[in-house]
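Following: one structure in structure tokens, then a few remarks.
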Amino acid sequence: MLENFQLATIVKQGTQMRLLRIPLHQDLQHTLAESWGVQLDAFVGNMQEIDFSAGYQPEEHERFALEDHALPDWLAQDTSQTVPNLDAISNNEALVDSIRGLAAFARDSDGNELILFQNFSRSHVIRPGQFLFLQNNTYETTERPGLTLDGKLSAVYMSADSKLLFHNFRTVNTFLPLADFY
């Protein structure tokens, strides 16, 4: 189980990237920690780490591994302890269309810091008036934008080893700069 689970958005403003916290109710935070833990197990369990090769498409059981990977400055200083201090995306709704990815900060059962990444696109935004939710036998719409989470991880960063694991270069490059490795 993941401990101290904190969720953030990766937002691109012009050429700059930054993190914004996603405020969560405690019950939802616990539920997401469990589901992202299951995604983590599926992402790293029974897989083979391979060196990154730009022309190679890894098989389902393979993950590219970048050893001694230095995270970009806008991401490197944050942990599951510091994410609660970030500005909230709920206070910056105009930036919802600038979200490039989701990052979950947590600790594994050994206390090691992890960052779990999911891809995010504009199609993951729930817009008022365009989605209907069933409430008390009547369909309603949301009054503010919402976010849809994916069901699988795109990448995992293991802080203790400074190791980045990922399956698809193009997907991860949309929210983490990997062009230097191409």
Local net charge near Arg122, Cβ-Cβ under 13 Å (Lys/Arg +1, Asp/Glu -1): +2
Shape call for region 1-59, from the Cα gyration tensor axes a ≥ b ≥ c (a/c under 1.5 means rounded, otherwise prolate when a/b beats b/c, else oblate), comes out oblate
Decide, for the chain, between rounded, prolate and oblate: order the square roots of the alpha carbon gyration tensor eigenvalues as a ≥ b ≥ c, take rounded if a/c falls under 1.5, and otherwise choose prolate if a/b is larger than b/c, else oblate. prolate
Rounded to one decimal in nm, the spacing of the 7 Å Cα→Cβ label points at Asn137 and Asp97 is 4.0
Could you rank the peptides 158-165, 97-104, 132-139, 58-65 by their average count of other C-beta atoms within 10 Å per residue, with the highest value first? 97-104, 158-165, 58-65, 132-139
At a 1.4 Å probe, what is the % contribution of carbon and sulfur to the accessible area of the chain? 45
Over what distance in Å are the Cα centres of region 61-76 and region 79-133 separated? 19
If you take every residue apart from Ala65 with its C-beta less than 9 Å away from the C-beta of Ala65, what net charge results, scoring Lys and Arg +1 and Asp and Glu -1? -1
Most fluctuating residue of His25, His69, His124 in a GNM of the chain with Cα springs under 10 Å: which is it? His25
Angle, helix 26-44 long axis vs. longest principal axis of the chain, Cα atoms, 0 to 90°, nearest 10? 30
Compute the Cα gyration tensor for region 104-182, then decide on rounded, prolate or oblate, letting a ≥ b ≥ c be the square roots of its eigenvalues: rounded whenever a/c is under 1.5, prolate when a/b is larger than b/c in the other cases, and oblate in all that remain. oblate
What dipole magnitude, in Debye to the nearest 20, does the chain give about its Cα centre under +1 on Lys/Arg Cβ and -1 on Asp/Glu Cβ? 720
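The values are calculated or read from the model by the stated rules, or taken from the named source; none is laboratory data. In this text, all values refer to a predicted model and were calculated from it rather than measured experimentally. Note that each Cβ is placed from the backbone with ideal geometry, even for glycine, and that neighbours are counted across all protein chains shown. For the accessible areas, the whole protein counts, side chains as well, though only heavy atoms, and no ligand, DNA or RNA atoms are used. Shrake-Rupley method; radii C 1.70, N 1.55, O 1.52, S 1.80 Å.
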